[in-house]
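The values are calculated or read from the model by the stated rules, or taken from the named source; none is laboratory data. Just so it is clear, the model here is predicted, and its values are computed rather than measured. Here the Cβ positions follow ideal geometry from the backbone for every residue, glycine too, while neighbour counts run over all protein chains shown.
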Amino acid sequence: MKVAIMQPYFFPYIGYFQLIGSVDLFIIYDNIKYTKKGWINRNRILCNGADHVVTVPLRRDSDYLDVKDRAVAGDFNRGKLVNQLREAYRRAPYFQEAFPVVEEAIMSPRENLFEYIHGSVVGVCCYIRIGTRIIASSNLSIDPALKAEERVLALCEAAGASIYVNAIGGQKLYSRQEFDAHGVELKFLEPHAITYPQFGAPFVPWLSIIDVMMFNAVAGIRDFLDNRYELV
């Protein structure tokens, strides 16, 4: 079984979905510490030809809580964010098809941060026809004291993984020899360059999957998912 494990991210970039589509089981960490200034609750969209950061505000709480114990801010104006995205992409060629998926995820009444983000990831997967099983890391029973590579290996064992696929940025974090010793083959997903027209302006790469959905038909996105990466 091929397995991948990643943090939750708010409408992540297409490489995240390439990773989901490349495996049989995708595990999203929910029982890890929330990190400030990361991408768990924010991402980049295209606005007036440049990248612009959008954020899901969080309820004030301890910095030591896990993602699954954090909550969306009570005064989070979901409608304002929806309107911001509508204004940014209303002239995009696939706005009519893709925007309802984005709007439904953002307008979700879920208050739990992990559940809110998880819902958006699953919604996108349905739209772009990814059928991979997705579970939260807390569904697998492992020693909670384990960290880094040891934690990944424990999750792989609990999931019955024979192959573990990680984003290419993890090459310096994990040892093929250590994975081999545990009977797991280690692979890294290296995305190829992906470009597409963005209102005729210079291309801004690696934005949120929202951008990809607005400018590409599902068939084109499937091509990106299936053919624009390699496992190394």
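Does segment 212-222 include one or more residues that are modelled with pLDDT of 95 or more, of a type in the set (D, E, K, R) and crowded, with 19+ Cβ neighbours inside 10 Å?
Looking for residues that are modelled with pLDDT of 95 or more, of a type in the set (D, E, K, R) and crowded, with 19+ Cβ neighbours inside 10 Å, one finds none in segment 212-222, hence no.
For R86, all conditions in the list (1) under 25 Å from A50 (Cβ atoms); (2) in contact (Cβ under 8 Å) with a residue 40 or more places away in the chain hold save one; what is the number of the exception?
(2)
Is there a residue in segment 54-77 that is in contact with a strand residue (DSSP E or B) (Cβ under 6 Å, 6 or more places away or on another chain) and assigned to a helix (DSSP H, G or I)?
No, segment 54-77 contains no residue that is in contact with a strand residue (DSSP E or B) (Cβ under 6 Å, 6 or more places away or on another chain) and assigned to a helix (DSSP H, G or I).
Looking at (1) over 30 Å from A88 (Cα atoms); (2) among the polar types (S, T, N, Q); (3) under 20 Å from the mean Cα position of the chain (by Cα); (4) in a helix (DSSP H, G or I), which one does N166 not meet, given that it meets all the others?
(4)
Does at least one position in segment 133-150 carry a residue that is surrounded by 14 or more Cβ atoms within 10 Å (Cβ to Cβ) and closer than 27 Å to A219 by Cα?
Within segment 133-150, one or more residues are surrounded by 14 or more Cβ atoms within 10 Å (Cβ to Cβ) and closer than 27 Å to A219 by Cα.
Among the residues of segment 78-97, what is the count of those that are aromatic (F, W, Y) and either part of a loop (DSSP other than H, G, I, E, B) or surrounded by fewer than 16 Cβ atoms within 10 Å (Cβ to Cβ) (or both)?
1
Would you confirm whether or not segment 107-126 contains a residue that is surrounded by 14 or more Cβ atoms within 10 Å (Cβ to Cβ), farther than 15 Å from F10 by Cα and of a type outside the set (D, E, K, R)?
no
For segment 143-163, what are the residues that are at pLDDT 95 or above, hydrophobic (A, V, I, L, M, F, W, C) and either in contact with a strand residue (DSSP E or B) (Cβ under 9 Å, 6 or more places away or on another chain) or part of a loop (DSSP other than H, G, I, E, B) (or both)?
If the condition is that a residue be at pLDDT 95 or above, hydrophobic (A, V, I, L, M, F, W, C) and either in contact with a strand residue (DSSP E or B) (Cβ under 9 Å, 6 or more places away or on another chain) or part of a loop (DSSP other than H, G, I, E, B) (or both), then V152, L153, L155, C156, A159, A161, I163 are the ones that fit.
Condition check: under 30 Å from R86 (Cβ atoms) and modelled with pLDDT of 95 or more. Does I194 satisfy that?
The answer is yes for I194.
Determine if segment 173-191 includes at least one residue that is within 28 Å of S120 (Cβ to Cβ), of a type in the set (D, E) and in contact with a helix residue (DSSP H, G or I) (Cβ under 9 Å, 6 or more places away or on another chain).
Yes; the residues of segment 173-191 include at least one that is within 28 Å of S120 (Cβ to Cβ), of a type in the set (D, E) and in contact with a helix residue (DSSP H, G or I) (Cβ under 9 Å, 6 or more places away or on another chain).
Quick check on this structure: which one of Y196, Y174 is under 25 Å from D143 (Cα atoms) and either in contact with a Ser or Thr (Cβ under 7 Å, 6 or more places away or on another chain) or in a loop (DSSP other than H, G, I, E, B) (or both)?
Unique residue meeting the criteria: Y174.
Only residues in segment 47-73 that are under 19 Å from Y29 (Cα atoms) count as the first member; pair them with residues that are basic (K, R) and assigned to a strand (DSSP E or B), Cβ under 9 angstrom, at least 6 apart or cross-chain, and list the lot.
V56/R42; D63/K33; Y64/K33; L65/K33; D66/K33; V67/K33
Of the residues that make up segment 171-184, is at least one under 30 Å from R59 (Cβ atoms) and not polar (S, T, N, Q)?
For segment 171-184, residues under 30 Å from R59 (Cβ atoms) and not polar (S, T, N, Q): absent.
Cβ-Cβ under 6 Å, sequence separation 6+ or interchain: first residue in segment 177-206 and under 15 Å from A92 (Cβ atoms), partner loosely packed, with under 13 Cβ neighbours inside 10 Å and at pLDDT 95 or above. Which pairs?
These pairs meet every condition: F203/T195.
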